[in-house]
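These notes are about the structure you will find just below.
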Amino acid sequence: MEQNGKGIGAATGLAIGTAVIWKKEEVSVQERSITDLSSELQRFKQAIQATKDQVQILRKQTADRMGESEAAIFDAHLAFLDDPGFIGEMEQRINTKKQAADWACQSVTGEFSSLFSNMEDEYMRARADDIRDVGNRLLQNIIGKPPLDLGSVKPESIMIAEELTPSETAQFSEAIIGMITARGSKTAHAAIMARTLGIPAVLGLGSFMQQIKDGDTIILDGSSGEVIVNPNDSLLSEVKQKIVEQNQLQASALQEAAGDAYTSDRKRIQVLANIGSPQDVPDALANHAEGIGLFRTEFLYLENTKWPTEEEQFSSYKQVLEAFPSKPVIIRTLDIGGDKHLPYAELPKEENPFLGLRAVRYCLANPDVFKTQLRALLRASVHGSLWIMFPMIGSVSEILQVKQVLEECKQELATKKIPYSDQIKVGIMVEIPAAVIHADELAKEVDFMSIGTNDLTQYTLAADRGNEQVAHLYDPTHPAVLKLVKMTCEACHRAGIPAGMCGELAGDARMTEILVGLGLDELSMSAKAIPQVKQQIRKIESSQASSLALEALHQR
C-alpha cells in the first residue's frame, strides 16, 4: 500500500530503489576485572592502532572521492585517539582499577559523550557525535568485531537509518543511490557528504520511518523532502521517466559547461569552484570551473598537528594558482573559531564562539600566524592571478588593519628581494550584517566582495546552522537575507567592483535566476554543481530575473 512521508530535502535529485534498513547493532559489554594486566594493555594498544589505521584509510578514501573539506572530519577522530584525556583515562582505568579494556572504553566513551552533549558551547556539543563514532569503532576493535562492510549492499539500494555518522556515509558504495534518516538537518555531515557524492537524501523523516520495511520500493525526492513507500505502477513509471530526463539533463549540462556562462541577453556571469585543498582541483577542472571562488585554507591547518610552515602553505597555494594560470583564484585567509577548532591554536573558551575570536579577528590578534600565511600567499602570487579574501570583516578599520599587515609583508619580502605580483586583488567575505549595512564604505577599500550566505543567514536570522532544533528557521532564501544580498550587490556596483557569492546558496540551480536578478556577477560552488548552474544561467533573461528577484524580496 502506497504511503507518503515528508522530511528535510538535504541533497537534491530523484531516486527509485529498494529500502535497506540499517539496524545498527549496539555493542555492549559487561563490567569485569582482569588478571593479566600486560596482555590487556597490549590488546588495548593494538586496538588503538587498528582504529587509527581504519580512520586513516577512511580519510584517504573520503579525500579521493569527496575532497579534503569532507575528509577533514576524520581529523577530529584521529585527535581523540591521541587525546591523553580520552585514551589516557581508559588506560588509567585498566592500569589502576584492573578494568577490562572493552569496559574501560565503553564507560569512558559514554561519560565523555554525555559530558560534551551537555556543554553550552555548540561546537563542543557537536563533538559528542565524533566521540561516540570513534569510541564505538575502538570498542569493536577491542572485542574483535569486524568493522562495518557495505560491500554486500545490492545495487539500487536506498539506505534507511535513524542517523548516519561521517565514517558510515564515507563508506557508501555506488550501489547506494539515496539515503533517508529519522534525524538530521541540511547542515549535518551526512547531508554534506550526500551532496558531494551526488546522491539524493532526505533527513529528519521522524516517526514515518516506522512505515518503511526492508525491501520496500522507495521513491526519494531530495529536493522536496518527499518519500513515497511502495508507489503504484503509474507513479513509478512517471518518476522513472523523470529520472531518465534528469540524467540526460546532467549529461547535457556537463557537455555544455566548457563554455562561458551568459544569460540569453548576454549578461556574463562567472561560475567558479569552492575547494578545500589542491586535491580538489581536478574535480573543479573536470566540471569546467572558470577559476576558484573560494579556497578554504583552514583545511591546511586542520589536517596538521602544528602550525603549517610558510613553505608548506606556499606549495599548496602555488599548486592551485598554476592550475588556473589566467583565471582568478580567490584564497580566503585562515577562518578558524566558530565550528572550526584547532587543538594547537589554544583558542579561548567562549560562551558563543560564533560571535567570538574567530576568522580575521583571530588573525589580527595573532600577527605571527597571519603574516606567515600572507607571505606564503604573496610569494605564490607570481604563479597566477591571486585574489586574497579576508573573512568576517565588519568595519572599515578592520580592512585597513589587514591591508596594513599585508603591506608589511610585502616590505619584508621586498627587503629580502623575494618577488611577488603587483596585480593582486584584495577583497572581503560579506557574512555579517554590519558589513552589508556599511558596504558602500567598505567597497571603497577593496577590489571585490563575495557573500558567504552560510554565516550571513545564521547571523541575520539568529539561527545556528548546526542546530537541528532551529533548522526550520535557518533559511538562506528568507527575504531578509535576499535583501542583504541585493544591498551588497548595489554597493559593489556603485563602487565599480564585482559582487560574488561563495556560500552554499550559490550552487542551488533553483535559485540561480533569483541570484542573477539580485545583481550578482559571480557564483562559486562545489564543483559538481557548476554544469547545472551554467545551464540555468543560459536560460535567464535579465529583466525577468529582476522581476522574479523583486517578488522573492517581498515574499511572506
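Of the residues 357, 347, 342, 378, which is touching a His at 6+ places or on another chain (Cβ under 8 Å), farther than 23 Å from residue 499 by Cα and assigned by TED's automatic domain parsing to the domain that holds residue 464?
Unique residue meeting the criteria: 347.
Here 298, 256 are screened, and the one residue that is farther than 23 Å from residue 380 by Cα and acidic (Asp, Glu) is 256.
The residues of region 490-499 that are over 14 Å from residue 436 (Cβ atoms) and either modelled with pLDDT under 95 or under 27 Å from the mean Cα position of the chain (by Cα) (or both) amount to a single one, 498.
Residue check: residue 359 meets all listed conditions (1) at positive phi; (2) in contact (Cβ under 8 Å) with a residue 40 or more places away in the chain; (3) of a type outside the set (Val, Ile, Thr) but one, namely (2). Of all the residues in region 485-510, those that are assigned to a helix (DSSP H, G or I), of a type in the set (A, V, I, L, M) and buried (at least 23 other Cβ atoms within 10 Å of the Cβ) number 4. Looking across region 309-319, the residues that are touching a residue at least 60 places away in the same chain (Cβ under 8 Å) and either in a loop (DSSP other than H, G, I, E, B) or surrounded by 16 or more Cβ atoms within 10 Å (Cβ to Cβ) (or both) come down to 309, 310, 313, 314, 317, 318. Close contacts from region 403-424, counting a first residue that is touching a residue at least 12 places away in the same chain (Cβ under 8 Å) and a second that is in a helix (DSSP H, G or I) and exposed (fewer than 11 other Cβ atoms within 10 Å of the Cβ), with Cβ to Cβ under 7 Å and a gap of 6+ residues or different chains, come to none at all. Scanning region 398-428 for residues that are among the aliphatic types (A, V, I, L, M), assigned to a helix (DSSP H, G or I) and over 30 Å from the mean Cα position of the chain (by Cα) returns 413, 414.
Quick check: anything in region 177-187 assigned to a loop (DSSP other than H, G, I, E, B) and surrounded by fewer than 15 Cβ atoms within 10 Å (Cβ to Cβ)? No - not one qualifying residue is present in region 177-187. Whenever a residue of region 166-183 is of a type in the set (Lys, Arg), its partners that are part of a loop (DSSP other than H, G, I, E, B) and at pLDDT 80 or above, lying with C-beta atoms within less than 8 angstrom and at least six residues away or across chains, give the pairs 183/162; 183/163; 183/204.
Among the residues of region 1-50, those identified as surrounded by fewer than 17 Cβ atoms within 10 Å (Cβ to Cβ), part of a helix (DSSP H, G or I) and of a type outside the set (Gly, Ala, Ser) are 37, 41, 42, 45, 46, 49.
Being within 23 Å of residue 76 (Cα to Cα) and outside any loop (DSSP other than H, G, I, E, B) is true for just one of 354, 370. Which residue is that? Working first, answer last.
Values: 370 fails: within 23 Å of residue 76 (Cα to Cα).
Being within 23 Å of residue 76 (Cα to Cα) and outside any loop (DSSP other than H, G, I, E, B) holds for just one of 354, 370, which is 354.
The values are calculated or read from the model by the stated rules, or taken from the named source; none is laboratory data. None of the values given here were measured: they were computed from a predicted structure. Note that each Cβ is placed from the backbone with ideal geometry, even for glycine, and that neighbours are counted across all protein chains shown.
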